[in-house]
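For reference, the structure is listed below as structure tokens.
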């Protein structure tokens, strides 16, 4: 009997286990702890969420993997292959011996069994993907060595990186480049000899020095280029005879495209460096010159990956500064230098280095061009009058095209007022699909066409639907009197954007994020306290409007609080009696007066809003009576109600940083929070300087990919 019962009991237990295993199992989002990628298997910050593993006999497992910008796996293989499904951001995948390939949201990547490969985020943008693999003998992956920087980004030589250890300092190699170029441009062969020796001593490879002299033929002519190359040969040979073995460097690592592919690559490079498509009367008069620029200079030459673009621009600036009569081109290349990631401080170092050229006019031309470039900012690309959507930021959309990020001007009602907004949809937008979405709140005095639009467009490029709207009573939105700036209205604007965008085709209202910039950041902190439709919240250069209006910027007006409250009360009384509306903050200052303002935010703010990124709907003024509401508001009141993931981004040199540092520790309701510092950035520079915007977007992309 026992012999019969035992098998029966065993069968019953097996049946019970099978029944339990056959039940559907749901693991709620956020119920599992996140896991950091092991440093021996990953470079950079990598986070794994939602790990899953099928019950036997299933052998499939996987998870959601988020790579911050620049992060990647080590080389690896999978015994039975792996599938990646990209859900956010932009990344790379590369099979050993094959090209590095870009992957974007919606892409599905199949990696065959035992294929050695790596994958990860791009340098400036995070990426999230779902990874699925099947185990063999209990093992899904075999790890190998890490991916080197040269393997990860072959376009950036290992010994001349595009990201400097300090954004305020040129490396010794970089310092040598403008002088080499200047002496070449003036055919000063003896001093060119000295400069080449100094450059090689500083670590320039022979390949890099040669590439500089080759490129510059396009700017100063074949004869000077040939003479300089002959001198480089002489220098290298003489050093070899002295026992100095200079590093040869590497030759271009990728094949130069041809035909239409070359034209397309060159045009893309030209547009990126110039900030917008190049056009004008001279190119209409002689279109062949632009084709030569696109196919040869920006195609044949700039596609060569043995010299990074920062070094190429440093060489061009040095050569043009030493050449009389090309001041407009010099100014353009100062702007281009900013676009490829060189900072204003580094370009000031260039002008200092050029003093060694010995020609005062060279230094004067360089200084003048730099001053004009910094004053103009990105004005050529940011001129709202040249954009059909009146967008005032670099790289703005000029027309809607199939397969690309598109902009949709919309309007809707909010508390009886007409609200003007722009919705950005990602490339290959399909209304039948479901997209994560981000609401973007603009700065005080700003409008949707400025920095809020820039961040909205850049996030759309990462696969998000985004919306940014002019605040009620401001910009193109309705409401009288104009320029009311009451916290309750600004917070309601954010709720209203969420109302509208939640009904927009393709929006997944369960994956709604919030981004607030400057004053919009402070109001976003307030809005997210109670509006739990927002699953995560980020700020850039957060500005606590209530605190500043109450105690002054950097608490500089503590002694006039009651006086200003009296003025606000009198202004409201005058309005109630039918009198004129009074305004504050509307000062028409001269350049000299702006230069004497006590705070960097105000000095650079006038430059940004009045000159480089001006828009007719943008204004500093607000009704004086608004101070009654503003001065009793504080963005950190009840901040502990925020329980969503929180990311706060600010510049290390921003004189507004104290407001982020004050708010962050008060947000005790969430443990998923981070302050991300942009080293070297001021408050306004987070609005437009390419390197800071790129870094912020990369961080935001990874944050939203993980939290939405």
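The values are calculated or read from the model by the stated rules, or taken from the named source; none is laboratory data. Keep in mind that this is a model prediction, so the values were computed, not measured. Every residue, glycine as well, gets a Cβ built from its backbone with ideal geometry; the counts of neighbours run over all protein chains shown.
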Checking 478, 521, 513 in turn, the sole residue that is crowded, with 24+ Cβ neighbours inside 10 Å and out of contact with any helix residue (DSSP H, G or I) (no Cβ under 7 Å at 6 or more places or on another chain) turns out to be 521
Exception for residue 254 within (1) over 27 Å from the mean Cα position of the chain (by Cα); (2) surrounded by fewer than 16 Cβ atoms within 10 Å (Cβ to Cβ); (3) closer than 30 Å to residue 195 by Cβ falls at (1)
Subject >> Check on residue 706, more than 16 Å from residue 516 (Cα to Cα), outside any strand (DSSP E or B), in contact with a strand residue (DSSP E or B) (Cβ under 7 Å, 6 or more places away or on another chain) and in contact (Cβ under 8 Å) with a residue 60 or more places away in the chain >> reply: yes
In the set 295, 323, 316, the lone residue that is surrounded by 16 or more Cβ atoms within 10 Å (Cβ to Cβ), in contact with a helix residue (DSSP H, G or I) (Cβ under 9 Å, 6 or more places away or on another chain) and farther than 30 Å from residue 360 by Cα is 295
Counting only helices (runs of 4 or more DSSP H) wholly inside the stretch 568-658, the ones holding at least 2 residues that are closer than 30 Å to residue 689 by Cα are 591-595, 600-606
Those residues of the stretch 505-535 which are on the phi > 0 side of the Ramachandran plot and assigned to a helix (DSSP H, G or I) amount to none
Any chance residue 460 is under 23 Å from the mean Cα position of the chain (by Cα) and closer than 20 Å to residue 635 by Cβ
no
By residue number, the members of the stretch 662-699 that are free of Cβ contacts under 8 Å to residues at least 40 places away in the same chain, in contact with a helix residue (DSSP H, G or I) (Cβ under 6 Å, 6 or more places away or on another chain) and either more than 18 Å from residue 543 (Cβ to Cβ) or assigned by TED's automatic domain parsing to the domain that holds residue 127 (or both) are 668, 669
Filter the stretch 102-127 for residues that are under 21 Å from residue 143 (Cα atoms) and surrounded by fewer than 18 Cβ atoms within 10 Å (Cβ to Cβ); the one that is nearest to the chain's Cα centre (by Cα) is 109
Those residues of the stretch 37-56 that are loosely packed, with under 13 Cβ neighbours inside 10 Å and modelled with pLDDT of 80 or more come to a total of 3
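May I ask you to say which residue of 330, 314 is in a helix (DSSP H, G or I), over 25 Å from the mean Cα position of the chain (by Cα), assigned by TED's automatic domain parsing to the domain that holds residue 353 and modelled with pLDDT of 90 or more?
330
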For the stretch 551-577, pairs from a residue that is modelled with pLDDT under 95 to a residue that is part of a loop (DSSP other than H, G, I, E, B), with Cβ under 6 Å and 6 or more apart or across chains, are 553/599; 571/582; 575/581
Across the stretch 43-67, the tally of residues that are closer than 19 Å to residue 88 by Cα and outside any strand (DSSP E or B) stands at 2
Residue 543 vs. criteria touching a residue at least 60 places away in the same chain (Cβ under 8 Å) and outside any loop (DSSP other than H, G, I, E, B)
no
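A quick yes/no check of all residues on (1) outside any strand (DSSP E or B); (2) within 21 Å of residue 151 (Cβ to Cβ); (3) out of contact with any helix residue (DSSP H, G or I) (no Cβ under 7 Å at 6 or more places or on another chain):
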site: 101; (1), (2), (3): no, yes, yes
site: 106; (1), (2), (3): yes, no, yes
site: 114; (1), (2), (3): yes, yes, yes
site: 120; (1), (2), (3): no, yes, yes
site: 131; (1), (2), (3): no, yes, yes
Inside the stretch 642-654, the number of residues satisfying the requirement of being more than 17 Å from residue 344 (Cβ to Cβ) and either surrounded by fewer than 17 Cβ atoms within 10 Å (Cβ to Cβ) or outside the structural domain of residue 699 (by TED's automatic domain parsing) (or both) is 1
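Given the criterion at pLDDT 90 or above, assigned by TED's automatic domain parsing to the domain that holds residue 348, assigned to a loop (DSSP other than H, G, I, E, B) and surrounded by fewer than 21 Cβ atoms within 10 Å (Cβ to Cβ), identify the matching residue among 187, 207.
Only one candidate passes the filter, namely 187.
Just checking, which of 351, 323 is farther than 20 Å from residue 612 by Cβ and at pLDDT 90 or above?
Matching residue, one of 351, 323: 323.
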Scanning the stretch 343-373 residue by residue, the ones that are without any contact (Cβ under 8 Å) to a residue 40 or more places away in the chain and either closer than 17 Å to residue 688 by Cβ or within 23 Å of the chain's Cα centre (by Cα) (or both) total 3
Q. Hey, does the stretch 156-174 have a residue that's in contact with a strand residue (DSSP E or B) (Cβ under 8 Å, 6 or more places away or on another chain), within 30 Å of residue 112 (Cβ to Cβ) and either at pLDDT below 90 or assigned to a helix (DSSP H, G or I) (or both)?
A. no
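Does residue 306 count as touching a helix residue (DSSP H, G or I) at 6+ places or on another chain (Cβ under 9 Å), within 19 Å of residue 181 (Cβ to Cβ) and modelled with pLDDT under 90? It would help to see each step written out before you state the result.
Values: touching a helix residue (DSSP H, G or I) at 6+ places or on another chain (Cβ under 9 Å): yes; within 19 Å of residue 181 (Cβ to Cβ): yes; modelled with pLDDT under 90: yes.
When the stated conditions are applied, residue 306 passes them.
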When the stretch 416-443 is checked residue by residue, the ones that are touching a residue at least 24 places away in the same chain (Cβ under 8 Å), over 24 Å from residue 401 (Cβ atoms) and over 21 Å from the mean Cα position of the chain (by Cα) are 417, 418, 419
Taking the stretch 433-451 and keeping residues over 19 Å from residue 86 (Cβ atoms) and either modelled with pLDDT under 95 or in contact with a helix residue (DSSP H, G or I) (Cβ under 7 Å, 6 or more places away or on another chain) (or both) leaves 439, 440, 441, 442, 443, 444, 445, 446, 449, 451
